[in-house]
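Accompanying notes for the structure given below.
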Amino acid sequence: MGEEAVEFRVETKGCQQNAVVVGDKTYVFSRSDDDSKSSVTIKILDKQAQTWVVPTVLGKQPSLSKSMSAIPVNDEKILIVENGVPLIHSFWFLEIDTPFVKEQQKIKGVEVVVWSKGVVGVGQKPVVISGPSGVGKGTLIAKLMKDYPSKFGFSVSHTTRSPREKEIDGIHYHFTEQSKIEKDISEGKFLEFAHVHGNVYGTSIEAVESVTDEGKRCILDIDVQGARSVRASSLEAIFIFVCPPSFEELEKRLRARGTETEEQIQKRLRNARAELDQSNSPGLFDHLLVNDDLETCYENLKKLLSLDDDEGDSNELSIKEGNYSIVSKVNSKILLQSETNEAANGTASMYVIFPLFLYEGPAIG
Ligand SMILES: Nc1nc2c(ncn2[C@@H]2O[C@H](COP(=O)(O)OP(=O)(O)O)[C@@H](O)[C@H]2O)c(=O)[nH]1
Ligand SMILES: Nc1ncnc2c1ncn2[C@@H]1O[C@H](COP(=O)(O)OP(=O)(O)O)[C@@H](O)[C@H]1O
């Protein structure tokens, strides 16, 4: 059975309030329009203790300059939808009792809440592709991006290694200094990072968000350590490991690519053995793909990603642009009503969304 939206909204002159009840606590969001830059304050009423608490707020905060509606997703987080802004920017989560919030509360000894950006879409789980150097990950990803440019977006990693001849900064990698990446990692800007073949590689939260903000499915080309970190994170993804048909063929491809010195090739081949061993770690990879014949492997990859050849590329968003408000919640699904369409057609368009994945925003509060 569905659950009615328990949020309520009060609008007084220059100030809008939303209140959401989760367990014994009522979370009150107040937005003041007094100055040109509106801001949201959060207060928590503890019904048992009959006390008000102003929590420490972490994470990148939404501006929430327009009216908003809110509903609890579960005991751990509240979904907030900002009306009248482009859809990709309108979904936010306030984490109130996730493992990250619990940990921060323990460290800080105060009530903590964390903002994180919501991403809309069904069946749009990011795709993590791993495999030894030279197996053909880049080749397969490039084919996918060429054939489906509006469906997929590449997560541009940061790396301390030097660019190869044809690599472009910001397209293939963000080439960076060791001290800079270390600073950014310590500030919580990275979803994952690892030391690979003697360099640091990492996926920034921004790299993934800039793809999902465009409504595209994110592809991550990361090593096995990175895949393990993403598995342990709150990002729900599909994990694919690409294997060579043989070790000899891997070596041949790596040499034929001609981008590494002999010493680097030797290091990559040594690491390849360890990566191939780890590909069998229970629960790590969802699919193993053998890249023998490139076209066959590409067709298998497309099958895994449910890409129908006849369909071609389409720029379909799972939800049309417009103004939305939350109607109700059924299990983990949120029912949204399009206000725009209702006004235009006299009929309301309803959409169901799943709170797909969350980032624990870097602690800046
Ligand atoms: N953990 C992690 N690994 C990455 C990232 N970006 C690239 N890698 C991995 O680093 C390894 C080396 O990549 P690269 O230097 O481009 O060489 P290539 O694999 O031979 O093309 C590969 O296994 C990539 O999958 C990242 O952001 N995080
Ligand atoms: N199935 C395949 N058969 C033969 N050569 C391939 C195949 N897939 C990729 N290659 C070639 O192997 C080399 C390494 O591929 P690349 O995509 O750079 O690997 P990775 O990104 O995994 O390091 C490239 O020169 C590429 O053209």
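Computed quantities for the displayed model
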read-out: Simple spin-label estimate for Glu299 and Lys166 in nanometres, 7 Å along Cα-Cβ; value: 2.6
read-out: Counting DSSP beta bridges with both ends in the range 43-200, the antiparallel % (nearest 5); value: 75
read-out: Extension gain (nm, one decimal) between Arg257 and Asp277, 0.36 nm per residue minus Cα-Cα; value: 4.8 nm
read-out: Rounded to 5, the percent of DSSP beta bridges in the range 156-226 classed as antiparallel; value: 75
read-out: Cα-based equivalent ellipsoid of the range 172-301: semi-axis lengths in Å, sorted from largest, via gyration tensor; value: 26, 20, 15
read-out: Modelled label reach - Ala142, point 7 Å along Cα→Cβ, the range 160-181 residues with backbone N closer than 15 Å; value: 164-169, 171-173
read-out: Peptide ranges 106-116, 221-231 listed from the most packed, as the mean C-beta count within 10 angstrom indicates; value: 221-231, 106-116
read-out: Rounded FRET efficiency, nearest 0.05, which uses the C-beta distance separating Glu182 from Ser234 and R0 of 30 Å; value: 0.80
read-out: Rg in Å to one decimal, and Dmax rounded to a whole Å, for the range 102-246 via C-alpha atoms; value: 16.2, 56
read-out: In sequence order, calculated HN-Hα J values of the range 236-253 (Karplus, 6.51, -1.76, 1.60; Hz; x Gly/Pro); value: 7, 9, 9, 10, 10, 10, 9, 10, x, x, 7, 5, 4, 5, 4, 4, 4, 5
read-out: Whole-Hz ³J(HN,Hα) from phi, Karplus 6.51 cos²θ - 1.76 cosθ + 1.60, for the range 194-205, glycine and proline x; value: 7, 8, 10, 6, x, 10, 9, 10, x, 9, 7, 4
read-out: Amide H within-cut-off set for His174, under 5 Å, with H built and near neighbours excluded; value: Ser157, His158, Thr159
read-out: Where labels lie 7 Å past Cα in the beta-carbon direction, separation of Gln50 and Phe175 in nm; value: 6.7
read-out: Cα gyration tensor category, rounded, prolate or oblate, for the range 163-232 with a/c compared to 1.5; value: rounded
read-out: Nearest-20 debye value, the range 95-234 charge dipole, Cβ charges on Lys, Arg, Asp, Glu; value: 420
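Where a number appears in this text, it was derived from the coordinates with a stated rule and is not lab data. All of these numbers come straight from a predicted model, not from anything done at the bench. With ideal geometry, Cβ positions are generated from the backbone for all residues, glycine too; neighbour counts draw on all protein chains shown.
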